[in-house]
Amino acid sequence: MESNPSERRQLDNTLKEQLIKMEERLTEIYELYSKVDERVTRLEEQLPKTEEVLGRIVAKNVTGVEESLQHKLSILLPKVDEVLAFYQRASTAPNSERQFHPARSSSAATTPSLTPSSSLNIQLPGSVTASAVLKDRCEGNVPQTAVGSSHQRASSTPTFQNQFLPAQPSPPVTTSLPTPTPSPSLNIQLPASATSAEMVTECCQGNVPNVGPPPHSMQGAPASSSPSTDAPKSLLEAAEKGDVAALRRFLAAGGRVNARDGRGNTALHLAASNGRTELVDVLIANGAGVDRLGHQSRTPLHCAAANGHSATVARLVVVGAAVEARDAHGATAVALTARGGHAAALQSLLEQGASVDTKDVDGRTPLSHAVRGNFSAVVSLLAEEGADVNATAEGEDTPLMHAVKHGNLEIATSLLEKGADANVIAKDGDTPLLIATKLGTTAIVTCLLEKGADVNAAGRDGETPLLSATKQGNAELVAYLVERGANVNTSDVNGETPLLVAVKNQKNDFVQLLLTKGASPTKKNNVDESPLFVASKDSHVDILELLLEAVQESDRDEIVRSLRVAANAEVVWIFTDAARDVVLGEAGREALVASAADGRQEALRALLQLGVNANATDANEWTALHHSASAGHTSCVRTLVEAGAQVNVKNMHGQTPLHLEARKGKRECVVALLEAGAQVSFKDKDDETPLHEAVRGGKRECVVALLEAGAQVSVKSKYDKTPLHEAAWNGNKECVVALLDAGAQVNVKDQHGQTPLHLAAMNGKRECVVALMEGGADASIIGIYGKTALDYARQYNQDCVLEIERRLVQRRN
């Protein structure tokens, strides 16, 4: 019988609650485990200090042992001297009497040949260990002794027991002694004090570790008697140096196989890091933890993988090392081999089924690391093993994008063959094809296009591969991209087309190729520049001819516009050859005016020679001469005058070219117009003369030139303002003085009853106030608003007040 839905839901909820509780419990257990692990780590960090303290304690005990040995030897010496004395007596006796029958002797002990000496030299062998010394003392033995110099020592040494005298009778021993030779005084050498943790461990077991060789005796010692100073002093050091024999000794002495160094690494970490596979086997056989965490939470397998030790990696994997373990950065052994480019080590891991797509804390896969390092062999291995070729970390590029940026064709090809997306968009908005084009890597461009890359895919700024190749000036890529169907009329965010870029860069071959593929010569960018316009303006005559050959009837307006900016006569003639009717029509007149305005004398002269009317006007009734005069282009003014341009023609404001030039202020241009017959006092619609304009422009030399030509100095405008009014208001002292010197009326009034002094005071022009008063200006004149110049000065400018008052006082006196 089936349960009803409500019961199933209740059961599901109960199971979910139990699962949640189990997860919470597991989390608590994990946290507890983490705390225990942290505690163990802290204890291990404190271990070196504890070892140091214990070392000092052991050192103190060894010192006590040395003192005890000294005491025992002091008892021994008299006995030895007694034996030596007997030997001396025996050496002088007849041979038949040379037999020694000691009262007490160890069984089967053989007395060596000795050299008599005045003193005894006892040396501890260089290889002696503190443990051997303590052991012999406990058994009643002493170190080996030698009498005389080192080269005279006997090949065998007697063993003494019970105060170093024989306890039982022994068979007679016949001894032949050489002639006695002097010997140095007694020199007793003991091992140095030990401080390592290994001494503590061995002492607890009844042993004392080797603490190093004694110093050489005064007589010198054989080189073989002194051990190498490079010999490992600990199990960790033996592992790091790869000394198998030393490692075995330390392990046999009870050394801790999982002890850690200051960085938290065990001997197995150190052996694995250096690829010491034999040591790895020894350590594992002695209980070393293969998955213990060391520096940066790395296991021995991490260490071997990071350094590319493939044999060690293989061995660790065989004994059960965790291939998916992660270090502090989330990296697995596979990731570390990929990062280091270690293909052989990686192969060992892959053979054991290691994951190839595990991401680290940065979200990067092993493949990403391999590509970044340009490790082609590793990339191939990972790709063949099924690694995700499109995997990316957040905010980063795909492996293919990195390969393209590095210009690595081999890696790019390998990734594409395994399905990498050829049209992926990078974080900066570019595609792999666009990046390859920018870098000029033709082989990668070819590979990408063959694998389906979009030839017209644009970047974030709208730039296509073809536009990029054109900007780079890469003829090979431009031709190849066009052949692969690239759009020749595409434009970026600025409206730049490949053809426009080619024209600006004067790439004639690019222009010709693009035009044959249908590129438009009149397509404008965002600032109204077309290829035709730029070629005309910049005088790229060869390119201009190519462009004009490609224009259509519908491009007539752009031809006219481009003609207006023709840079020189050659450009004009090219336009004439291509479109004579255009040049001789309205377009030619507009081009004439534009050339005059821009000062392009060659183009202007060419247009005039073609017969374009010199008095042609624009929409504002400005002639070419108006434009040249307004801009101060003296050479163009002379060219137009020579071609018959009217010098007194008015524009829509009633101004002649002289009006415009007078305000511009170029004296030579003013003189050229005057010499051509310009009327010096011609009035415009506001009854202002060129002299008014010259004063307004503030150029004294033009004012003087006009005055010398007969300009009326006190002529009034529509508002009864004279040139002196204009000069005073603008504060131009030089023009004020020039006008006064020419006889200008100083107290003349405008339509408001204001004199030039009123205007200078009102506007705070102190220097003009001084010049006017020195020229006879009357400060007491009242305007229609009931104010004198002094009133205006007080209202607007204190300096003028003081100046006017000072002048008034001077006049009264």
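The values are calculated or read from the model by the stated rules, or taken from the named source; none is laboratory data. Source: prediction; values computed, not measured. Here Cβ is always computed from backbone atoms with ideal geometry, including for glycine, and neighbour counts include all displayed protein chains.
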### Query
What number goes with the only condition from (1) of a type outside the set (Val, Ile, Thr); (2) assigned by TED's automatic domain parsing to the domain that holds Ser310; (3) under 17 Å from Asp421 (Cβ atoms) that Ala393 does not pass?
(2)
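Conditions (1) hydroxyl-bearing (Ser, Thr, Tyr); (2) outside any helix (DSSP H, G or I); (3) out of contact with any strand residue (DSSP E or B) (no Cβ under 9 Å at 6 or more places or on another chain), marked per residue:
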site: His626; (1), (2), (3): no, no, no
site: Gln646; (1), (2), (3): no, yes, no
site: Leu660; (1), (2), (3): no, no, yes
site: Ala672; (1), (2), (3): no, no, yes
site: Gln679; (1), (2), (3): no, yes, yes
site: Lys683; (1), (2), (3): no, yes, yes
site: Asp686; (1), (2), (3): no, yes, yes
site: Ala694; (1), (2), (3): no, no, yes
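Table: residues versus (1) in the same structural domain as Leu301 (by TED's automatic domain parsing); (2) not in a loop (DSSP other than H, G, I, E, B).
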| residue | (1), (2) |
| --- | --- |
| Ala344 | yes, yes |
| Ala354 | yes, no |
| Asp360 | yes, no |
| Ser368 | yes, yes |
| Ser380 | yes, yes |
| Asp397 | no, no |
| His402 | no, yes |
| Leu416 | no, yes |
### Message
When the residues of the stretch 234-268 are narrowed to those that are acidic (Asp, Glu) and outside any loop (DSSP other than H, G, I, E, B), which ends up surrounded by the most Cβ atoms within 10 Å (Cβ to Cβ)?
### Response
Glu240
### Summary
Glu668 meets each of (1) out of contact with any helix residue (DSSP H, G or I) (no Cβ under 7 Å at 6 or more places or on another chain); (2) part of a helix (DSSP H, G or I) with one exception, condition (1)
### Message
Going residue by residue through the stretch 522-532, is there one that turns out to be free of Cβ contacts under 8 Å to residues at least 40 places away in the same chain and part of a helix (DSSP H, G or I)?
### Response
yes
### Task
Please specify each residue of the stretch 437-470 satisfying the condition of being over 22 Å from Lys504 (Cα atoms) and charged (D, E, K, R).
Glu450, Lys451, Asp454, Arg460
### Task
Assess whether Ala285 counts as being modelled with pLDDT under 95, aliphatic (A, V, I, L, M) and out of contact with any strand residue (DSSP E or B) (no Cβ under 6 Å at 6 or more places or on another chain).
yes
### Task
Take the residues in the stretch 634-662 that are within 58 Å of the chain's Cα centre (by Cα) and over 21 Å from Ala709 (Cβ atoms), then tell me which one is surrounded by the fewest Cβ atoms within 10 Å (Cβ to Cβ).
Ser635
### Complete set of residues in the stretch 409-436 that are under 19 Å from Gln472 (Cβ atoms) and under 23 Å from the mean Cα position of the chain (by Cα)
Ala426, Asp428, Gly429, Asp430, Thr431, Pro432, Leu434, Ile435, Ala436
### Query
Which condition number in (1) acidic (Asp, Glu); (2) crowded, with 18+ Cβ neighbours inside 10 Å; (3) assigned to a loop (DSSP other than H, G, I, E, B) is the one that Glu726 fails?
(3)
### Query
Which one of these is assigned to a helix (DSSP H, G or I) and either under 25 Å from Asp357 (Cβ atoms) or touching a Ser or Thr at 6+ places or on another chain (Cβ under 8 Å) (or both): Arg315, Arg292, Arg326?
Arg315
### Summary
Inside the stretch 734-786, the number of residues satisfying the requirement of being among the basic types (Lys, Arg), in a helix (DSSP H, G or I) and within 17 Å of Lys721 (Cβ to Cβ) is 0
